[in-house]
Amino acid sequence: MESNKKDVKFILPMNLLGGRENIVKVNNCATRLRLEVRDVNKVNAEEIKKYYPAVQKISDKEVHIVVGTNASELAESLERIIAFDDNASNMAMNLIPMLGGKENIVKVNNCATRLRLEVKNADKINEEKYYPVIQKISPTEVHVVVGIKAFDLADELSKILNDSDDNTDYSNRAWLLIPMLGGIENIVKVNNCATRLRLEVKDVNKVNVDEIKKYYPAVQKISDKEVHIVVGTSVSELAEDLEKLLGSQTLKTSLLLPLVGGIDNITKVTNCATRLRLEIKDINKVNIEDIKKYYPAVETINNNEIHIVVGTDASELAKEFKKFVI
């Protein structure tokens with residue numbers, strides 16, 4: 001028998017919870033997410049309220065968020081995200097900037113619980129957010145205690161550094177690049193040649209070249225609307241995954257929800273061929289100008305309804321919205 005459970009995805013930006021490393025444990029009751037955190041002061045309650053208006057800091061280690069009857073599904077989704085964030089491929093991608101960037105890593109080895117890294121300059125390694133035990137053995141050698149995943153992590157790190165196509169998860173790289181490129185709203189078009197990612201953007205000044213260089217040292221701002229990143233022979237796979245993410249209805253939903261006043265401000269979701277039609281409680285909570293950064297055609301029909309022209313995927317986007325507001 002097929003399950004009737006809704007496929008509800010956790011869309012709250014992780015940085016509002018203080019980042020992945022701030023979340024210790026996820027629980028829920030009938031209508032609340034109950035989160036054990038390392039530091040409650042890192043949780044941005046005011047921004048979370050744009051998604052879920054009822055947020056309580058219970059103690060210096062616990063936060064409750066009233067999310068409604070989807071609480072168990074949202075908790076499961078958050079746990080899956082955390083588990084994904086802990087897989088070897090994603091851990092390797094997060095580790096690279098902490099090690100001084102791709103160009104600083106010469107060779108990767110490991111023992112049972114440690115990464116043993118030959119680097120150009122050990123002084124460039126000063127981030128201990130994920131791995132508290134980091135030993136600078138010499139000016140060119142560093143050990144990082146990562147636990148029983150040391151072999152898998154070393155293998156994934158070697159694949160990325162060597163630009164290997166074997167089992168590399170390019171979706172991790174695509175997720176990683178989006179904020180460095182100024183966010184999904186700043187990316188207009190994705191192209192590539194044999195070794196370069198060629199990106200048309202709205203504002204090249206929003207592209208964080210220095211951060212990108214930690215992964216891909218050769219980055220060029222071609223014009224005020226174009227950026228090239230030399231990726232290597234895996235560029236076509238990276239471009240394909242980046243395009244998939246830019247077309248994700250879940251991403252679009254997470255971008256739009258706070259701009260329409262949060263989940264609590266929406267009473268009904270419908271659509272026509274090209275429009276998302278939203279009935280809302282309070283028009284004053286809707287940020288029309290910021291919505292236009294994503295979708296230029298926005299109409300205020302009356303004090304309780306707005307229409308957003310989103311294109312031919314209006315029905316898919318409406319379906320994704322309904323998972324959270326109905």
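The values are calculated or read from the model by the stated rules, or taken from the named source; none is laboratory data. All of these numbers come straight from a predicted model, not from anything done at the bench. Note that each Cβ is placed from the backbone with ideal geometry, even for glycine, and that neighbours are counted across all protein chains shown. Please note that ligands, DNA and RNA were not included when accessible areas were found on the heavy atoms of the full protein model with its side chains. Shrake-Rupley method; radii C 1.70, N 1.55, O 1.52, S 1.80 Å.
Summary of computed values
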{"read-out": "Any chance Ala150 is at pLDDT 85 or above, of a type in the set (Gly, Ala, Ser) and in contact with a Lys or Arg (Cβ under 7 Å, 6 or more places away or on another chain)", "value": "yes"}
{"read-out": "Qualifying residue in segment 235-244 (condition: out of contact with any strand residue (DSSP E or B) (no Cβ under 8 Å at 6 or more places or on another chain), touching a residue at least 12 places away in the same chain (Cβ under 8 Å) and surrounded by 16 or more Cβ atoms within 10 Å (Cβ to Cβ))", "value": "yes"}
{"read-out": "Within segment 292-314, considering residues that are assigned to a loop (DSSP other than H, G, I, E, B), among the polar types (S, T, N, Q) and over 15 Å from Lys252 (Cα atoms), the one most open to solvent (accessible area, probe 1.4 Å)", "value": "Asn303"}
{"read-out": "Residue under evaluation Val269, criteria (1) surrounded by fewer than 16 Cβ atoms within 10 Å (Cβ to Cβ); (2) in contact (Cβ under 8 Å) with a residue 40 or more places away in the chain; (3) in a strand (DSSP E or B), criterion not met", "value": "(1)"}
{"read-out": "Criterion (under 23 Å from Asn94 (Cα atoms), open to solvent by less than 80 Å² (accessible area, probe 1.4 Å), in contact with a Leu (Cβ under 6 Å, 6 or more places away or on another chain) and modelled with pLDDT of 80 or more) met by exactly one of Val219, Val227", "value": "Val227"}
{"read-out": "Test: Leu251 is within 23 Å of Ile160 (Cβ to Cβ), under 17 Å from the mean Cα position of the chain (by Cα), of a type in the set (A, V, I, L, M, F, W, C) and modelled with pLDDT under 90", "value": "no"}
{"read-out": "Hits in segment 1-44 - residues which are open to solvent by 20 Å² or more (accessible area, probe 1.4 Å), assigned to a strand (DSSP E or B) and at pLDDT 90 or above", "value": "Lys25, Asn27, Asn28, Arg32, Arg34, Glu36"}
{"read-out": "Evaluation of Glu289 against (1) surrounded by 15 or more Cβ atoms within 10 Å (Cβ to Cβ); (2) at pLDDT below 90; (3) not β-branched (Val, Ile, Thr) (one fails), failing number", "value": "(1)"}
